[in-house]
Amino acid sequence: MARRATKTNGATGNGHALAGHVKDLKLAREGRMRIEWADRHMPVLSAIRARFAKQRPLKGMRVGACLHVTTETANLMRTLKAGGAEVALCGSNPLSTQDDVAAALVAHYGIPTYAIKGEDHRTYYQHIVSCIETRPHVTMDDGCDLVTVLHTKMKSYLRDVVAGTEETSTGVTRLRAMAATKVLKYPVIAINDADTKHLFDNRYGTGQSTMDGVLRCTNMLVAGSTVVIAGYGWCGRGVATRAKGLGATVLVTEIDPVRALEAAMDGFQVVSMADAAPRGDLFITLTGNKSVLRREHFAAMKDGAIVANSGHFNVEIDIPALERMSTGKRTVRQYVEEYRMHGGRRIYLLGEGRLINLAAAEGHPAMVMDMSFANQALSVEFLKKKARSLKKDVFTVPKAIDREVARLKLRSMDIGIDTLTGEQEKYMRTWSEGT
């Protein structure tokens, strides 16, 4: 039974007023310990938080965030609050919330949080509405759901919003479509486009956490199996690399000829999904598109095939088609549903087709989210100063922020790099000017 945290001053005994909707405040102590553990592995964000606490650059700003409610996200929320912002958080996926973290954010850090793991569709959108009702000046999204609700059902709240950020490639795609049709009402920074985000978070974070989620679900032996990776973007190549490292034969499917060529030159077998379907033991979709695995593929799969998704939404696997084709289903392990086909074949769906790395595991390691969320924090600081001078469009993270995040990360790893001499700088400047 979910416990609603009401706005009662001093309810935690530490002076915080409580606001939000979480599963159980009794989980808060455990959540706080896990947040502190993650913080130990997020030195860049910690350094930014220390500066924010001194300078308070976000004072007077309200931030409404729709993100995966995890330990790493909690440390981002703490950083924004340290900078002087009023922060409210809701979950961006019904299965990704860590209930102890949500409880700790409310009880120990005084951050209004609206998220419960496994919440139904109605509650999920009710939580987004609650976040919007805090009247944010800046939105922070992971998949564009908050922005979509704001632009379609809660337009009156748009007058308070000056800018936003978006964490994922899926969300950035949706926002660029909105900007192209002139319906986007404020500027948004695409965090995913930062080199210190997609080159590391998408590749190393998704690669490791996706395989972690699959293994927690199934305890399968990857070595000797055939793993099919749908999509060879930065997320897909990360998972393909990790699966190969665990001893799998990896097949890659793509629609982009350049990415397909790259996958082939990286040593993977590139095939069509029609060719991969009867061969795969494990299928993982990472495309951002819909119906990547569909009826004709299910019909060709071998008995015992496992299907999972690590793209943003649960539409990459055509679950309704799988439901119609099956003669029955049952839950055989946590997050594992067995669909029985005509003739006795079985297909196993993991995590209801949602992000497997967050539905069944803990998402990306804190060490890599450190850079992603450092970009978020510094971009919000940038927007505090510059938002009103920006067009209603989607912008990349300023290169100065991207480089600063990399510099701070290198320093935390005790890595030093070279710098150009004065003569070298002059040479490069002359060369670039073509004189």
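The values are calculated or read from the model by the stated rules, or taken from the named source; none is laboratory data. Keep in mind that what you see is a predicted model, and the values were worked out from it rather than measured. Cβ: placed from backbone, ideal geometry, glycine included. Neighbour counts: every protein chain shown. Ligands, DNA and RNA are stripped out before the accessible areas are found, and what is left, the full protein with its side chains, is counted by its heavy atoms. Shrake-Rupley method; radii C 1.70, N 1.55, O 1.52, S 1.80 Å.
Here are the numbers:
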{"quantity": "Odd one out for GLU362, checked against (1) in contact with a Pro (Cβ under 8 Å, 6 or more places away or on another chain); (2) open to solvent by 20 Å² or more (accessible area, probe 1.4 Å)", "calculated": "(1)"}
{"quantity": "In the stretch 375-410, the residues that are under 19 Å from THR139 (Cβ atoms), assigned to a helix (DSSP H, G or I) and not charged (D, E, K, R)", "calculated": "ASN375, GLN376, ALA377, LEU378, SER379, VAL380, PHE382, LEU383, ALA387, SER389, ILE401"}
{"quantity": "Condition check for ASN14: assigned to a helix (DSSP H, G or I) and either at pLDDT 95 or above or open to solvent by 10 Å² or more (accessible area, probe 1.4 Å) (or both)", "calculated": "no"}
{"quantity": "Unmet criterion (only one of (1) assigned to a helix (DSSP H, G or I); (2) surrounded by fewer than 24 Cβ atoms within 10 Å (Cβ to Cβ)) for LEU45", "calculated": "(2)"}
{"quantity": "Count of residues meeting criterion [in a helix (DSSP H, G or I) and either open to solvent by less than 10 Å² (accessible area, probe 1.4 Å) or under 30 Å from LYS386 (Cα atoms) (or both)] in the stretch 101-116", "calculated": "6"}
{"quantity": "Some residue of the stretch 119-133 being open to solvent by 20 Å² or more (accessible area, probe 1.4 Å), hydroxyl-bearing (Ser, Thr, Tyr), in contact with a His (Cβ under 9 Å, 6 or more places away or on another chain) and within 26 Å of PRO57 (Cα to Cα)", "calculated": "yes"}
{"quantity": "Scope the stretch 182-200; condition in a loop (DSSP other than H, G, I, E, B) and either more than 30 Å from GLY245 (Cα to Cα) or in contact with a His (Cβ under 8 Å, 6 or more places away or on another chain) (or both); matching residues", "calculated": "LYS182, VAL183, LEU184, LYS185, TYR186, PRO187"}
{"quantity": "GLU338 being surrounded by fewer than 19 Cβ atoms within 10 Å (Cβ to Cβ), within 28 Å of the chain's Cα centre (by Cα) and assigned to a helix (DSSP H, G or I)", "calculated": "no"}
{"quantity": "Some residue of the stretch 423-435 being polar (S, T, N, Q) and modelled with pLDDT of 95 or more", "calculated": "no"}
{"quantity": "Some residue of the stretch 146-153 being of a type in the set (Ser, Thr, Tyr), under 22 Å from ASN192 (Cβ atoms), assigned to a helix (DSSP H, G or I) and out of contact with any Ser or Thr (no Cβ under 6 Å at 6 or more places or on another chain)", "calculated": "yes"}
{"quantity": "Hits in the stretch 166-181 (condition: part of a helix (DSSP H, G or I) and open to solvent by 70 Å² or more (accessible area, probe 1.4 Å))", "calculated": "THR173, ARG174, ARG176, ALA180"}
{"quantity": "Wholly enclosed strands (runs of 3 or more DSSP E) of the stretch 229-310 bearing at least 2 residues open to solvent by 10 Å² or more (accessible area, probe 1.4 Å) and in contact (Cβ under 8 Å) with a residue 24 or more places away in the chain", "calculated": "249-253"}
{"quantity": "Only listed residue being open to solvent by 10 Å² or more (accessible area, probe 1.4 Å), over 26 Å from GLN269 (Cβ atoms) and either part of a helix (DSSP H, G or I) or in contact with a strand residue (DSSP E or B) (Cβ under 7 Å, 6 or more places away or on another chain) (or both), chosen from ARG159, ARG203", "calculated": "ARG159"}
{"quantity": "Residue satisfying condition, being open to solvent by less than 20 Å² (accessible area, probe 1.4 Å) and in a loop (DSSP other than H, G, I, E, B), within set ASN93, ASN75", "calculated": "ASN93"}
{"quantity": "Tabulated pairs, the stretch 174-186, first among the hydroxyl-bearing types (Ser, Thr, Tyr), second open to solvent by 60 Å² or more (accessible area, probe 1.4 Å), C-beta under 8 angstrom, 6+ apart or interchain", "calculated": "TYR186/LYS392"}
{"quantity": "Inter-residue pairs, beta-carbon under 7 Å, first in contact (Cβ under 8 Å) with a residue 40 or more places away in the chain and in a helix (DSSP H, G or I) and in the stretch 117-133, second surrounded by 15 or more Cβ atoms within 10 Å (Cβ to Cβ) and among the aromatic types (Phe, Trp, Tyr), 6+ apart", "calculated": "HIS127/TYR114; SER130/TYR114; CYS131/TYR114; ILE132/TYR157"}
{"quantity": "Hits in the stretch 389-435 - residues which are surrounded by fewer than 10 Cβ atoms within 10 Å (Cβ to Cβ) and charged (D, E, K, R)", "calculated": "ASP414, ASP418, GLU423, GLU433"}
{"quantity": "Sole exception among (1) in contact with a Ser or Thr (Cβ under 8 Å, 6 or more places away or on another chain); (2) under 22 Å from ILE191 (Cβ atoms); (3) aliphatic (A, V, I, L, M); (4) not in a loop (DSSP other than H, G, I, E, B) for VAL69, by number", "calculated": "(4)"}
{"quantity": "The lone exception for LYS385 - which of (1) open to solvent by 20 Å² or more (accessible area, probe 1.4 Å); (2) in contact with a helix residue (DSSP H, G or I) (Cβ under 9 Å, 6 or more places away or on another chain) it fails", "calculated": "(2)"}
{"quantity": "Leading residue by the ranking (most open to solvent (accessible area, probe 1.4 Å)) among those in the stretch 311-323 that are within 19 Å of the chain's Cα centre (by Cα) and β-branched (Val, Ile, Thr)", "calculated": "VAL315"}
